[in-house]
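Structure record follows, encoded as structure tokens.
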Amino acid sequence: MLRNGAAEAPRPVRVWCDGCYDMVHYGHSNQLRQARAMGDYLIVGVHTDEEIAKHKGPPVFTQEERYKMVRAIKWVDEIAAGAPYVTTLETLDKYNCDFCVHGNDITLTVDGRDTYEEVKTAGRYRECKRTQGVSTTDLVGRMLLMTKAHHSNIDEDLDYQKHKDNFGKGPKGHSPWTGVSQFLQTSQKIIQFASGKEPQPGDTIIYVAGAFDLFHIGHVDFLEKVHLLAERPYIIAGLHFDQEVNHYKGKNYPIMNIHERTLSVLACRYVSEVVIGAPYAVTADLLDHFRVELVCHGLTEVVPDKDGSDPYQEPKRRGIFQLVDSSSNLTTDLIVQRIIKNRLEFEARNQKKEAKELAVLEAMRKTEEEKHEKGLQS
């Protein structure tokens with residue numbers, strides 16, 4: 001169609017995703033990244049606490065916390081608060097979406113029905129690859145395990161040196177610091193998550209550092225406040241290696257390994273770059289290399305370096321250190337306490353979910369076998 005002698009621009013493709021997005025992790029972010037790549041505008045529907053409790057069991061985070069976490073993912077253009085648990089054509093039409101996208105896993109209602117059945121039948125469903133190695137169920141399981149099996153505190157010994165520069169990977173593919181299976185990181189995955197943007201003239205380069213374990217609302221609130229400190233902020237987040245986090249956090253931590261934490265932070269819209277395995281002390285070399293103009297830290301306690309020195313003494317000496325109040329009291333420790341407090345509920349939820357999914361998979365397997373047998377008979 002022509003308008004004033006020029007071809008009319010095609011209508012933007014609007015994509016819909018929905019889910020609980022409880023304990024948002026890099027698996028959720030990867031799903032949304034893939035969905036956004038299928039269109040021009042991504043709307044993410046987030047279910048209420050009531051809906052999740054009805055179909056799955058109690059969520060770890062409140063709906064307001066989950067709304068904020070999803071908004072912070074850089075591929076999300078808009079969120080739809082209180083989205084229905086079952087995805088319907090009515091919902092897609094309400095938000096003017098062409099189709100919805102979901103991972104290649106199973107999502108069921110309380111009575112065992114596929115929540116995407118209607119949109120699948122109508123041909124308005126697309127599938128993306130599920131990220132292997134992580135799920136909310138898995139992360140809850142890791143935290144529940146913390147009361148049964150503790151990591152060891154790290155000493156300056158041969159074992160520490162052995163793992164010092166290996167991105168947290170143990171000899172059997174398990175992290176000696178997180179105790180979980182090694183996430184198979186690739187350079188391609190990092191490229192997909194990274195912004196790829198270099199700092200430009202006029203940008204203010206800001207450095208923050210920490211574990212960023214179980215990347216959560218407290219981290220988002222902090223990074224958002226840091227982002228507001230400059231007109232054109234370029235935030236570099238330094239992530240400490242697993243064994244470094246274990247050294248200053250003590251037993252049980254980190255819950256997510258360095259690979260998982262890297263992707264989680266890269267997915268945040270406020271972060272421009274990540275330093276993987278940043279030194280604990282913010283050194284002159286680091287500040288000069290990245291041309292850092294401001295170093296920020298939250299109001300949480302700063303543990304002295306191994307030699308007893310202040311890890312922020314150099315940026316303080318230069319007069320570029322600033323404490324930032326995130327106005328959030330949520331920490332990784334508090335999240336773990338939520339899980340432990342509701343331990344039985346979460347264990348029951350996980351067992352119920354796994355049993356339901358196994359039953360569906362078995363039914364699907366039998367259906368495929370019957371089709372195969374009928375094909376042979378014909």
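The values are calculated or read from the model by the stated rules, or taken from the named source; none is laboratory data. Quantities reported herein were computed from a predicted structural model and do not represent experimental measurements. Positions of Cβ are backbone-derived with ideal geometry, glycine not excepted, and every protein chain shown enters the neighbour counts. These area figures cover heavy atoms from the full protein model, side chains too; ligands, DNA and RNA do not enter into them. Shrake-Rupley method; radii C 1.70, N 1.55, O 1.52, S 1.80 Å.
Please compute the Kirkwood hydrodynamic radius of the stretch 1-146 from all pairs of different C-alpha atoms, in Å with one decimal. If you can, show how the numbers build up before the last one.
Values: mean 1/r = 0.0620 Å⁻¹.
For the stretch 1-146, inverting the mean 1/r across all distinct Cα pairs yields 16.1 Å.
How much space per residue, in cubic angstrom, does the convex hull of the C-alpha atoms of the stretch 25-89 take up?
Dividing the Cα hull volume of the stretch 25-89 by its residue count gives 92 Å³.
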What is the calculated FRET efficiency for Gln313 to Leu145, with r their C-beta to C-beta distance and R₀ = 41 Å, to the nearest 0.05? 0.65
Taking a crude spin-label model, label points 7 Å out from Cα along the C-beta direction, the Ser187 to Glu127 distance in nm is 3.2 nm
At 1.4 Å probe size, with every protein chain present, just tell me what the per residue accessible area of the stretch 294-347 comes to in Å². 59 Å²
Per residue, what accessible area does the stretch 183-270 have, given a 1.4 Å probe and all protein chains present, in Å²? 35 Å²
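Please give the FRET efficiency for Arg269 paired with Glu362, using the beta carbon to beta carbon distance and R0 = 51 Å, rounded to the nearest 0.05. Please list the in-between numbers first.
Values: r = 41 Å, r/R0 = 0.80.
Calculated value: 0.80.
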Taking a 1.4 Å probe, which of Glu244, Glu293, Glu260, Glu198 shows the most accessible area, and what order do the others take after it? Glu198, Glu293, Glu244, Glu260
Estimated distance in nm for a label pair at Thr204 and Glu369, the labels positioned 7 Å out from Cα along Cα-to-Cβ: 6.5 nm
Step through the table entries Lys197/Lys316; Lys74/Lys189; Lys54/Lys94, compare each Cα-Cα distance with 20 Å, and write down the pairs that go over it. Lys197/Lys316; Lys54/Lys94
How big is the C-alpha Rg of the stretch 194-327 next to the rule-of-thumb value 2.2 N^0.38 Å, as a ratio? 0.98
Set the Förster distance to 22 Å, then compute FRET efficiency between Val302 and Arg338 from the Cβ-Cβ distance, nearest 0.05. 0.30
